[in-house]
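Shown next, in structure tokens, is the structure this report addresses.
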Amino acid sequence: MTRKAAWFGLSFLAGTVLFLEAGGRFVFVAAAVAVIGVILSLTTKSYRAYATAAAAAVLCGGLCVRAYALLCIDPALKLDGETVTMTGTVTECKPTTGGRYILTVDGRAEGTKAKIVFFSDREAEPYEKVTVTGTVNAVEDTPKFSAWSYYAPKGIFLQGNADTLTPTGEYGNPIMRGVTALRDWVSRSIFASMEPASAAFAQALVCGDKSDMDMVTKTKLYRAGVGHLFAMSGTHLAVIALVFGSIFQTLIRDRRARIAALEAVVLLFMAMGGFSPSLVRAGIMVSLVNCSKLFHRRTDVLSSLGVCAVVMCGINPYVVMSASFICTFGCCFAIGAVAPRLTALVKDSRLSLIYIPLIDTAVILTVMMPVFALQFAEVSVIAPISNLIIVPIASAALTLMLPAVLLGGTTLPARLIFRLVDLLIRAVLRLTDFFASFSLAAVGSRKAWLILIGAAVMITALIIAVRKKRVRIFCITAAVVLAVMPAVLTVMNVLGRDRVRMKIFSDYRSMCAVVSSGGECVILDIGAKGGFAYGVQEYISYNGISHFRTAFVQSDLGADSYRDSIYPAAEEILTEYGFYSAPFTDGLTADCGAFTVSRTEAGFDVSAGGCVYSLSKNKIELSDGRYIPYEELKKYPEIILE
């Protein structure tokens, strides 16, 4: 039996996903897996060992899911709705726009070991020990934030408001405190020598901290297909290993000492990045490559991925819900196990430096396109070209930042290097703006069927190209598919410009509505003050909206967010007092093509299809006397105006 680690690890991963989806049907699914495993073992003699190992690994994955639920989740959820007193260590403290702080506390609440997120008026230092009192509830998604998919992979299942927060005067985990201090020092050095926008990108690139990057920049990076640059993973660790490996090769003669030193650097970099799933996966694989030299063994991508799956899912099975985990595994499989079959055919070409990265990116996009369509709001179709140009510049910037840090960060030589890095990152951001500005740069995931058809055609071409060893078949097919998909979307937008959709975001005290037709939209803000910007951006990207015509804001508060926090930005902002244009007061009406918007005392009226929809902070009233209260609005993903 070959590739034992790959068979067991990837089957373990499949079992984890299967039993998480199965929910409470554990016994039934386990019995079904066991029966299928026995049948395959008895009927396929040549592959008996593989079938047995795969079935056993799937069951092990299921047992891991069940054990994690019994030992970690169920005890924590018993505290749902309770007022608890928790003593523990603050592992993370983030400021919010409202002047409050989000604290992640790891410790014991009423005798139960748990990790809980608290919203507090008081700031706390990282790894400071505190006592917190407050009412906690199970983590749930809201219109403003998908909390469950964000926190569950981190092992967090409770959140609440901190009524009191009392530091104990002690600190925990001195190693991580030192790592945090190092990361903060690197961030300060970067911001001291670079322009704010470039510094925010550089901080994400080398420290994994995206808190200073605005949402518009992130959206542009994703739309241009280079969002992976600020998700610390294999590219970053490869550069780290290359730079420090060269340094240790010169300074340290003993091979074991060199390997140990490089492992320490890899672990330090993983800690600086907060042990994100993509970084942990990359760290394990780099460590396997590094340590294989001691045992005179060769590494294999699939076997390494199998080891990563067992380690990561064994610690927390819910990590498979993380988009970071899904993408890092899928992309690593594509570039490590699939792409080499094609790049080997062009490695002797004079233009191999262009062909190989283009093929790598196209293969990753082909393999991951179905995942992107289901996990993300949009799929970039311009990624092969943008990555060919932008990734080398970003890699050069990351490589240069390492000696700048080693030279002291704030010394004259370090500052000179940081200024050069600043120029490179400015180039990255300008190129990103350029690629993202194309209306056909990405396809919204609302048209998942179109993306899946395109993916099926590209995967078929990929299989044929690998089997016949003709890379041209795949390249031509991929180019045609990636050009046709946005063209089809454009035609559909033209044909559907009379169909009006309205998406509502509401928290009872305020409302925000996105009204769209034919790839264009307007936004109605009734007391929301731009607070639903995250959800609005997701909806705009998901629907492939490329033209944001007007933001109608009931007051002037928060109007800036529709120009500074949404991409594409609003071409026009209409408010009551007219700070951005002529005042849009009660009784005035704006023609938006397939519908009209009128200002009322309570909010706005939207007229479409012969019907009037009156929007206020917590309800929608129709012209025939019917109305949709706030409680019902949450049940409507969107409303078709007709």
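The values are calculated or read from the model by the stated rules, or taken from the named source; none is laboratory data. Remember, predicted model here, so these are calculated numbers, not experimental data. As a convention, Cβ positions derive from the backbone with ideal geometry for all residues, glycine included, and neighbour counts pool all protein chains shown. Only protein heavy atoms, including side chains, enter the accessible area calculation; ligands, DNA and RNA are left aside. Shrake-Rupley method; radii C 1.70, N 1.55, O 1.52, S 1.80 Å.
Here are a few things to note about the model shown:
- Selection from the stretch 593-642 of residues that are touching a residue at least 60 places away in the same chain (Cβ under 8 Å), open to solvent by 80 Å² or more (accessible area, probe 1.4 Å) and not charged (D, E, K, R): TYR636, PRO637
- No other residue among GLU92, GLU123, GLU170 is in a strand (DSSP E or B), more than 27 Å from VAL319 (Cα to Cα) and not aliphatic (A, V, I, L, M) apart from GLU170.
- Each residue in the stretch 507-538 was checked for being open to solvent by less than 20 Å² (accessible area, probe 1.4 Å) and either of a type in the set (A, V, I, L, M) or not in a loop (DSSP other than H, G, I, E, B) (or both), and 18 pass.
- Set THR235, THR250: member being hydroxyl-bearing (Ser, Thr, Tyr), open to solvent by 30 Å² or more (accessible area, probe 1.4 Å), part of a helix (DSSP H, G or I) and in contact (Cβ under 8 Å) with a residue 24 or more places away in the chain: THR235
- Residues satisfying the stated conditions in the stretch 273-303, i.e. in contact with a Lys or Arg (Cβ under 8 Å, 6 or more places away or on another chain) and under 23 Å from ALA54 (Cα atoms): ASP300, LEU302, SER303
- Evaluating LYS347 against the criteria (1) assigned to a helix (DSSP H, G or I); (2) open to solvent by 20 Å² or more (accessible area, probe 1.4 Å); (3) under 17 Å from LYS469 (Cα atoms) leaves one unmet condition, (1).
- One residue from VAL379, VAL371, VAL311 being outside any loop (DSSP other than H, G, I, E, B), surrounded by 19 or more Cβ atoms within 10 Å (Cβ to Cβ) and of a type outside the set (Phe, Trp, Tyr): VAL379
Quick grid of which residues meet (1) under 23 Å from MET401 (Cβ atoms); (2) surrounded by 15 or more Cβ atoms within 10 Å (Cβ to Cβ); (3) over 28 Å from the mean Cα position of the chain (by Cα):
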site	(1), (2), (3)
LYS94	no, no, no
ALA114	no, yes, no
ALA147	no, yes, no
ASP163	no, no, yes
ARG183	yes, yes, no
ILE190	yes, yes, no
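- Contact map, the stretch 5-17: first residue closer than 13 Å to TYR50 by Cβ and modelled with pLDDT of 90 or more, second residue among the aromatic types (Phe, Trp, Tyr) and not in a helix (DSSP H, G or I), Cβ cut-off under 9 Å, separation 6 or more or different chains; the map is empty.
- Identity of the residue in the stretch 578-588, surrounded by 12 or more Cβ atoms within 10 Å (Cβ to Cβ) and within 13 Å of THR550 (Cα to Cα), that ends up nearest to the chain's Cα centre (by Cα): TYR580
- Lone qualifier among SER546, SER561, SER555, SER541 - being under 19 Å from ILE640 (Cα atoms) and hydroxyl-bearing (Ser, Thr, Tyr): SER541
- Which listed residue, of ARG281, ARG256, is among the basic types (Lys, Arg) and open to solvent by 30 Å² or more (accessible area, probe 1.4 Å): ARG256
- ALA594 under 16 Å from VAL515 (Cβ atoms), among the small types (Gly, Ala, Ser) and not in a strand (DSSP E or B): yes
- In the stretch 194-217, the residues that are part of a helix (DSSP H, G or I), open to solvent by less than 60 Å² (accessible area, probe 1.4 Å) and either touching a Ser or Thr at 6+ places or on another chain (Cβ under 7 Å) or at pLDDT 90 or above (or both): SER198, ALA199, ALA200, PHE201, ALA202, GLN203, CYS207, MET215, VAL216, THR217
- Residue in the stretch 257-270 that is under 30 Å from LEU18 (Cα atoms) and aliphatic (A, V, I, L, M) present: yes
- Condition check for VAL405: open to solvent by less than 10 Å² (accessible area, probe 1.4 Å) and either aliphatic (A, V, I, L, M) or out of contact with any Lys or Arg (no Cβ under 8 Å at 6 or more places or on another chain) (or both): no
- Single residue of the stretch 559-577 satisfying the filter (within 37 Å of the chain's Cα centre (by Cα) and hydroxyl-bearing (Ser, Thr, Tyr)) that is modelled with the highest pLDDT: TYR567
- Complete set of residues in the stretch 218-232 that are open to solvent by less than 30 Å² (accessible area, probe 1.4 Å) and part of a helix (DSSP H, G or I): THR219, LEU221, ARG223, GLY227, LEU229, PHE230
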